[in-house]
Amino acid sequence: MPVHAPRPPISARRRWTLLAVCCLSLFLVGLDTTIVNIALPSIGSGLRVGTRDLEWTVDAYTLVLAGLLISSGAIADRFGRRRVFRCGLVVFGVASVACAVAPSIGVLIAARVVQGIGGSMLSPVALAIVINAITEPKERARAIGVWAAIFGLSMAVGPTLGGALIAALGWRSVFWINVPVVLVALVLTTVFVPESRAVQARRLDGPGQVLLITVVGGSVAVLIEGPRFGWGSGAALVGYSCVVAATLGFVWFESRRDEPLMDLHLFQRVQFTAAVVGAVVLFVAFSATLLLNTLYLQHARGMSAVAAGVVTLPLAVAATVCAPLSGVLVGRVGPRLPLLLAGGFITVGGLCLVRLDDHTSLALLLLAYFLIGVGFGFANAPITNTAVSGLPADRAGVAGGITSSARQFGAALGIAIAGGIVTGAADSALAHASRPGWIVVAVCGLLVVGVGRVSAQRAAVRTPRQVSVAGTPD
């Protein structure tokens, strides 16, 4: 592929407009990971389905997002980032309309799958566009800081915004809200975002992609369907065998590829492996918290969606405030301290609710959600830093893609685990049934502490130049 002559430098005003456009898409992707949680009871009532089907409503999106993030980035590097970005916006918007008008749970789940496909074309591609356009190191550092803050904000405010929308317009509004945002982003992308490609695009890895989706999807499917089939049933054993076979096949195939979908050599670095594990368990805790909180507040306590969203507000505020503070700490002292703080807060927050019942005080609930929100806010920046520290530039992007996929995989696992714990529980027994879920949250916090202990006390902080994505304006 020929290398095109670079365009003249983009003005500062246009660069920050470009960042705003890309952050808008990131906000959509993060928001749809969490906003649907608060709508689950309303969706269940409206479509007359139970917890197991509702789990698939969330996980259909996150599974596809987790499985396709890396490939979507490679496709954009090859065929043009703006082109793939706009395609992702269109797919995401059309799928959102399909979700909003879905007449049955089957149609809704299928539309969520398509929505996940569109979402996978937005987050990694938008980040590559930003890094390609903003080349001055200090300015790029500020831009990436804004990017990280927007992602944390989108994940955290989903339940609160969703509650307000459902109270005013019903559950379908959590999907309709995407449409005007997508239209605005499409127009702004056409006007402000330049085309760019990688200087040397990676080849696509079709077999590796299929095997990865099988591993990710199979793992979560076994967790969701296990309670219905029975953990020792023939169907469950077949599921276990498929996941193990796909995992072994993926490792064997990827270790022999010149340009693999996932560079398995990265896992030879203890810090990188710890960061991936940390990303998974962090989002297991976060997603489990959102699901258990939603079902408990609306079913066991009889709160409306908007009231449940308000009760969750301390989590959103804490995560939003602590995310940039964590970035500052990482820059000054490395990832260890923020990770220790994150794990400690999540552990204490989970332990606050291990004796949950129908009469647990509102003050304790607010405190627990606040602590978990603080932990979530402190964790994202150091996990990313730990993953990419010490890597050459040509591997940092791949490492970032793997940790992004790990986050989405963790989100899907969290929903599956929490849903499996409370599936079949009557509203009157939901609080007691959810107690093991809060133990899971606390254990995830302890694992994040373990990741912090693995991290170097003053790990090398990646500079913007080191984490840049190669590309030239088209």
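The values are calculated or read from the model by the stated rules, or taken from the named source; none is laboratory data. Please read all numbers here as calculations on a predicted model, not as lab measurements. Neighbour counts run over all protein chains shown; Cβ positions are idealised from the backbone, glycine included. Accessible surface is based on the protein model in full, side chains and every heavy atom, while ligands, DNA and RNA are left aside. Shrake-Rupley method; radii C 1.70, N 1.55, O 1.52, S 1.80 Å.
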*Taking Ala387 and the conditions (1) surrounded by 24 or more Cβ atoms within 10 Å (Cβ to Cβ); (2) closer than 16 Å to Trp438 by Cα, which numbered condition does it fall short on, given that it satisfies the others?*
(2)
*Scan region 363-375 residue by residue and report those that are of a type in the set (A, V, I, L, M, F, W, C), within 15 Å of Pro159 (Cα to Cα) and buried (at least 24 other Cβ atoms within 10 Å of the Cβ).*
Ile372
*Looking at region 78-136, what helices (runs of 4 or more DSSP H) fall wholly within it and have at least 1 residues that are open to solvent by 10 Å² or more (accessible area, probe 1.4 Å) and among the hydroxyl-bearing types (Ser, Thr, Tyr)?*
123-133
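The rows are residues; the columns are (1) crowded, with 23+ Cβ neighbours inside 10 Å; (2) of a type outside the set (A, V, I, L, M); (3) under 20 Å from the mean Cα position of the chain (by Cα); (4) under 26 Å from Thr51 (Cβ atoms).
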residue	(1), (2), (3), (4)
Leu295	yes, no, no, yes
Leu313	no, no, yes, yes
Ala316	yes, no, yes, yes
Cys322	yes, yes, yes, no
Leu329	no, no, no, no
Leu339	yes, no, yes, no
Ala342	yes, no, yes, no
Val348	no, no, no, no
*When you scan region 426-442, how many residues do you find that are in contact (Cβ under 8 Å) with a residue 24 or more places away in the chain, buried (at least 17 other Cβ atoms within 10 Å of the Cβ) and of a type in the set (A, V, I, L, M)?*
5
*Report the residue count in region 296-319 for those that are touching a Leu at 6+ places or on another chain (Cβ under 7 Å) and within 14 Å of Val441 (Cβ to Cβ).*
1
*Please give the helices (runs of 4 or more DSSP H) falling wholly within region 257-374 in which 1 or more residues are free of Cβ contacts under 8 Å to residues at least 24 places away in the same chain, out of contact with any helix residue (DSSP H, G or I) (no Cβ under 6 Å at 6 or more places or on another chain) and among the charged types (D, E, K, R).*
313-333
*Mind checking whether some residue in region 416-425 is more than 10 Å from Val280 (Cα to Cα), in a helix (DSSP H, G or I), in contact with a Lys or Arg (Cβ under 8 Å, 6 or more places away or on another chain) and in contact (Cβ under 8 Å) with a residue 12 or more places away in the chain?*
yes
*Please specify each residue of region 426-436 satisfying the condition of being part of a helix (DSSP H, G or I) and closer than 16 Å to Asn293 by Cβ.*
Asp427, Leu430, Ala431, His432, Ala433, Arg435, Pro436
*Is it the case that Leu26 is touching a helix residue (DSSP H, G or I) at 6+ places or on another chain (Cβ under 7 Å), closer than 25 Å to Gly162 by Cβ, open to solvent by 10 Å² or more (accessible area, probe 1.4 Å) and in a helix (DSSP H, G or I)?*
no
*Search region 390-404 for residues being closer than 28 Å to Arg112 by Cβ and open to solvent by 10 Å² or more (accessible area, probe 1.4 Å), and hand back the single one that is modelled with the lowest pLDDT.*
Gly397
*Could you look through region 219-274, keep only residues that are more than 26 Å from Ile75 (Cα to Cα) and in contact with a Lys or Arg (Cβ under 7 Å, 6 or more places away or on another chain), and pick out the one that is surrounded by the most Cβ atoms within 10 Å (Cβ to Cβ)?*
Ile224
*Looking only at region 69-77, decide whether some residue is closer than 24 Å to Ala416 by Cα, open to solvent by less than 10 Å² (accessible area, probe 1.4 Å) and touching a helix residue (DSSP H, G or I) at 6+ places or on another chain (Cβ under 8 Å).*
no
*Would you confirm whether any residue within region 449-472 is buried (at least 20 other Cβ atoms within 10 Å of the Cβ), modelled with pLDDT of 80 or more and under 30 Å from Ala74 (Cα atoms)?*
yes
*Would you check if there is a residue in region 57-66 being farther than 20 Å from Thr384 by Cα and surrounded by fewer than 24 Cβ atoms within 10 Å (Cβ to Cβ)?*
yes
